[in-house]
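Asker: What follows is a structure written as structure tokens; I'll ask about it next.
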Amino acid sequence: MSETVAVGHATALDDAIRRAVDFLAERQLPDGAFDVLISTDPAMSGDCTSDPSIFPTALAAQALAFAPEADPIRSRALAFLVDQMEPGGLWKHWPRGHPHQHTLPPDMDDTACASAALRLGGLSLPDNRRLILANRTRSGLFYTWFTLRWEWNAARGHRRIVWAQLRHPAVLYMFFTRTSARPGDVDAVVNANAVHYLGIGQDTAPVVEHLLEILRSGTESESDKWYENPFAIWYFVARAIGGAMPEAAGLLEDKLTGTRPAHALDAALAACALMYCHRSPGQAAIEALLTLQQANGGWPRGALYFGGRLRGKKGAFDPPHPDTPRWGSEELTTAFCLEALARWRTLYGSGRDARLPACSRGETHA
């Protein structure tokens, strides 16, 4: 039996969760979304501007599911996702009303995360599984974009979705030539989120092996165009396969416990990822999150994803341009911190007599 230590302040965890929920309730936009900021500063400590996007709200809606206190704001977030759904049960990165929403096609990342959040919330959505499975390479990996490619797609629904983009060929051409996006993009986190939604099975077996090989080889930095933060990559991979694949759990544990978080976002992602792998982040990690909580109940913003990189001729990514934008917000960091604290509370309790496990590396929980 592992050594245990008493909680220094019995209500500290519940109080932090309550303050986080209050913060998110105050910051939630009238349409149910959570704002995200954009900045060319990798630390997001300089000037940031609002850039409304669907993806952060999809992530927050799932994270909030672990805290019953957040049910009202989670319901509003889910309603926002329903409202922003595209034909066929797909989603774009930017919501309707955004000045550039019409310039980009639906994508797998937003679609998988929004679909998973709605399903977890008990809401119905169109059966988009066939569309998603039709958007794969011959090797079984998922493309990032639902768009036209120089290959025949036998799925009628997929053809209907992507051929509609030919009504505005110039817009499509500009998107795939003036940005780092390409029709043939295949990205690790995007694939992990597809597995998270679809589940591990025959249809996703090639993706699972692909993710495992990335973990084995330590090539996370070359695996995804849109994510440069390794803690973000590990979080999404852990969420997809960490709980069901012992090899993935062990590899992720080594990486997560061997890398020091740079800020609150990293710390929250690490704690959540370990719990997805049935590992305890340990009391010190939870206490660190409590210490980092701000007076307003939120946590400082950090960059979760960024504007992408181009692959060089040898297959490696080129360095990001100095003006490459990053996205993050206090609301998004707070959602991940709330997930970590609420899941810890569920696993280990927070009552006055609760005792938190001082887990050694490698110890697991049920």
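Asker: Counting just the residues of segment 317-330 that are touching a residue at least 60 places away in the same chain (Cβ under 8 Å) and touching a Gly at 6+ places or on another chain (Cβ under 7 Å), which one comes out surrounded by the fewest Cβ atoms within 10 Å (Cβ to Cβ)?
Answerer: 324
Asker: Filter segment 42-55 down to residues that are more than 18 Å from residue 90 (Cβ to Cβ) and assigned to a helix (DSSP H, G or I), then give me how many there are.
Answerer: Final tally of qualifying residues: 0.
Asker: Has segment 288-310 got any residue that is out of contact with any helix residue (DSSP H, G or I) (no Cβ under 7 Å at 6 or more places or on another chain), under 30 Å from residue 208 (Cβ atoms), among the charged types (D, E, K, R) and at pLDDT below 95?
Answerer: yes
Asker: Also, I was wondering about something else. Considering only residues that are polar (S, T, N, Q), more than 19 Å from residue 314 (Cα to Cα) and surrounded by fewer than 24 Cβ atoms within 10 Å (Cβ to Cβ), which ones fall in segment 186-228? I'd like the intermediate steps shown before the answer.
Answerer: Here is the first cut: in segment 186-228, the residues polar (S, T, N, Q) are 191, 193, 202, 204, 217, 219, 221, 223.
From what is left, the residues that are more than 19 Å from residue 314 (Cα to Cα) are 191, 193, 202, 204.
Selection gives 202 alone.
Asker: Here is a follow-up. Report every pair of residues separated by at least 6 positions or lying on different chains whose Cβ atoms are under 7 Å apart, first residue within segment 159-170 and surrounded by 14 or more Cβ atoms within 10 Å (Cβ to Cβ), second of a type in the set (Asp, Glu).
Answerer: Matching pairs, first to second residue: none at all.
Asker: Please go through segment 251-261 and pick out each residue that is of a type outside the set (Lys, Arg) and touching a residue at least 12 places away in the same chain (Cβ under 8 Å). Before the answer, list the steps.
Answerer: Taking segment 251-261 and keeping what is of a type outside the set (Lys, Arg), we get 251-254, 256-259, 261.
Listed by number, the residues that qualify are 251, 252, 253, 256, 257, 259, 261.
Asker: Moving to a separate point now. Just to be sure before I move on: is residue 134 at pLDDT below 90 and out of contact with any strand residue (DSSP E or B) (no Cβ under 9 Å at 6 or more places or on another chain) in the structure I sent? First the steps, then the outcome.
Answerer: Details: at pLDDT below 90: no; out of contact with any strand residue (DSSP E or B) (no Cβ under 9 Å at 6 or more places or on another chain): yes.
No, not satisfied.
Asker: Same structure, new question: Among the residues of segment 182-191, which ones are small (Gly, Ala, Ser) and in contact with an Asp or Glu (Cβ under 9 Å, 6 or more places away or on another chain)? Outline the logic, then answer.
Answerer: Here is the first cut: in segment 182-191, the ones small (Gly, Ala, Ser) are 184, 188.
Passing the criteria: only 188.
Residues checked against (1) within 30 Å of residue 158 (Cβ to Cβ); (2) surrounded by 15 or more Cβ atoms within 10 Å (Cβ to Cβ):
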site: 32; (1), (2): yes, yes
site: 41; (1), (2): no, no
site: 48; (1), (2): no, yes
site: 73; (1), (2): no, yes
site: 77; (1), (2): yes, yes
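Quick grid of which residues meet (1) farther than 18 Å from residue 342 by Cβ; (2) touching a helix residue (DSSP H, G or I) at 6+ places or on another chain (Cβ under 9 Å); (3) part of a loop (DSSP other than H, G, I, E, B); (4) aromatic (Phe, Trp, Tyr):
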residue: 17; (1), (2), (3), (4): no, yes, no, no
residue: 35; (1), (2), (3), (4): yes, yes, yes, no
residue: 81; (1), (2), (3), (4): yes, yes, no, no
residue: 118; (1), (2), (3), (4): yes, yes, no, no
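Asker: Which residues, counting only those in segment 287-316, are surrounded by fewer than 22 Cβ atoms within 10 Å (Cβ to Cβ) and in a helix (DSSP H, G or I)?
Answerer: Listed by number, the residues that qualify are 287, 288, 290, 291, 292.
Asker: Sort out which residues of segment 83-109 are charged (D, E, K, R), crowded, with 16+ Cβ neighbours inside 10 Å and in a helix (DSSP H, G or I), and write them in order of number.
Answerer: If the condition is that a residue be charged (D, E, K, R), crowded, with 16+ Cβ neighbours inside 10 Å and in a helix (DSSP H, G or I), then 109 is the only one that fits.
Asker: Can you find even one residue in segment 234-242 that is part of a helix (DSSP H, G or I), without any contact (Cβ under 8 Å) to a residue 40 or more places away in the chain and more than 22 Å from residue 42 (Cβ to Cβ)?
Answerer: Yes.
Asker: Just one of (1) charged (D, E, K, R); (2) modelled with pLDDT of 95 or more; (3) within 18 Å of residue 93 (Cβ to Cβ) trips up residue 182, so point out which.
Answerer: Against the list (1) charged (D, E, K, R); (2) modelled with pLDDT of 95 or more; (3) within 18 Å of residue 93 (Cβ to Cβ), residue 182 comes up short only on (2).
Asker: Further, regarding this structure: When you scan segment 329-366, how many residues do you find that are at pLDDT 50 or above and either part of a helix (DSSP H, G or I) or within 14 Å of residue 271 (Cα to Cα) (or both)?
Answerer: Of the residues in segment 329-366, 19 are at pLDDT 50 or above and either part of a helix (DSSP H, G or I) or within 14 Å of residue 271 (Cα to Cα) (or both).
Asker: Residue check: is residue 320 under 17 Å from residue 232 (Cβ atoms), in a loop (DSSP other than H, G, I, E, B) and either at pLDDT 95 or above or of a type in the set (Lys, Arg) (or both)?
Answerer: On the way: under 17 Å from residue 232 (Cβ atoms): yes; in a loop (DSSP other than H, G, I, E, B): yes; either at pLDDT 95 or above or of a type in the set (Lys, Arg) (or both): no.
So residue 320 fails the test.
The values are calculated or read from the model by the stated rules, or taken from the named source; none is laboratory data. If you're wondering where the values come from, they're calculated on a predicted model, not measured in any experiment. Here Cβ is always computed from backbone atoms with ideal geometry, including for glycine, and neighbour counts include all displayed protein chains.
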